Amino acid sequence: MAKTKLSYKLTKKARVEAIKNLTTTLVTLEKRYPDAHCELDHNSPFQLLIATILSAQCTDKRVNTVTPALFAKYPTASKLAKAPLTQLESLVKSTGFYKNKAKNIKGAAQKIVTEFKGKVPDKMASLLLLPGVARKTANVTLWNSFGKNEGVVVDTHVGRISMRLGWTTENNPAKIEKDLMNIVPRDRWGHLSHLLIFLGRDVCKAPKPICGRCSLIKTCSWYKEVVSKEAPSGAKAPKTHSLT
């Protein structure tokens, strides 16, 4: 995830209030997006791992157009480990940075075969040994394939929205993750990223959020500190989008 600078200075008071409202915010998001889930198509932990590696600086939608052909030809770690690199490069080219990604998915497959008996490991430390895998990819795999909450997935949506909500003042993914792990209950770590990603794709967009359609303006620090103060004098706050 590229670093994103906070577009306003979050006061200590505002952050305390944001953390105090965290449970309310989470419940609102769960009502708004009851079907929030990982949108990378996959049929196994291995396929999810590979798809997540390919999703770096690429949309899930684009990855989902690439993986059917990739997995049809190389559905398992043992088969992908033996794949010619040039063929992999051709198959994943449209995801961007294809030479590096092809090298990483082949390397990850080889390591899974040689060191983990052909099965994707279900521990953070082991996953981080695989080429192309950092905490984001490891967290995606652990939660969605094994139901393990070892951390919080921080992608561009999660980072941006966490700042706007007042949950962090950091712009480094590792530091954002640490802040979120400190305030969000552990049993919600895995699902949190799905909720924020759905919110980000729906209304809390990068260039300009659609606050009038958002259900969180009552608890959003960015709305309170920036949007509401920029509104013309006497203007009413937009009505929140219905949750029904």
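The values are calculated or read from the model by the stated rules, or taken from the named source; none is laboratory data. For clarity, every value in this text was computed on a predicted model and none was experimentally measured. Quick reminder, even Gly has a Cβ in these numbers, built from the backbone with ideal geometry, and neighbours come from all protein chains shown.
Listed values, structure above:
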quantity	calculated
Residue tally, condition among the charged types (D, E, K, R) and in contact (Cβ under 8 Å) with a residue 40 or more places away in the chain, over the range 100-118	1
Test: residue in the range 100-117 that is part of a loop (DSSP other than H, G, I, E, B), under 19 Å from the mean Cα position of the chain (by Cα) and farther than 24 Å from Asp41 by Cβ	no
The lone exception for Ile161 - which of (1) without any contact (Cβ under 8 Å) to a residue 40 or more places away in the chain; (2) in contact with a Cys (Cβ under 7 Å, 6 or more places away or on another chain) it fails	(1)
So Val158, is it under 25 Å from Lys205 (Cβ atoms), outside any loop (DSSP other than H, G, I, E, B) and among the β-branched types (Val, Ile, Thr)	yes
Of residues in the range 171-198 being within 16 Å of the chain's Cα centre (by Cα) and part of a loop (DSSP other than H, G, I, E, B), the one modelled with the highest pLDDT	Val184
Subset of the range 199-222 that is among the aliphatic types (A, V, I, L, M) and loosely packed, with under 14 Cβ neighbours inside 10 Å - its residue that is farthest from the chain's Cα centre (by Cα)	Ile210
Flag for Ile19 being of a type in the set (Val, Ile, Thr) and under 22 Å from the mean Cα position of the chain (by Cα)	yes
The listed residue being in contact with a Ser or Thr (Cβ under 8 Å, 6 or more places away or on another chain) and either in the same structural domain as Leu130 (by TED's automatic domain parsing) or part of a helix (DSSP H, G or I) (or both), out of Glu30, Glu17, Glu89	Glu17
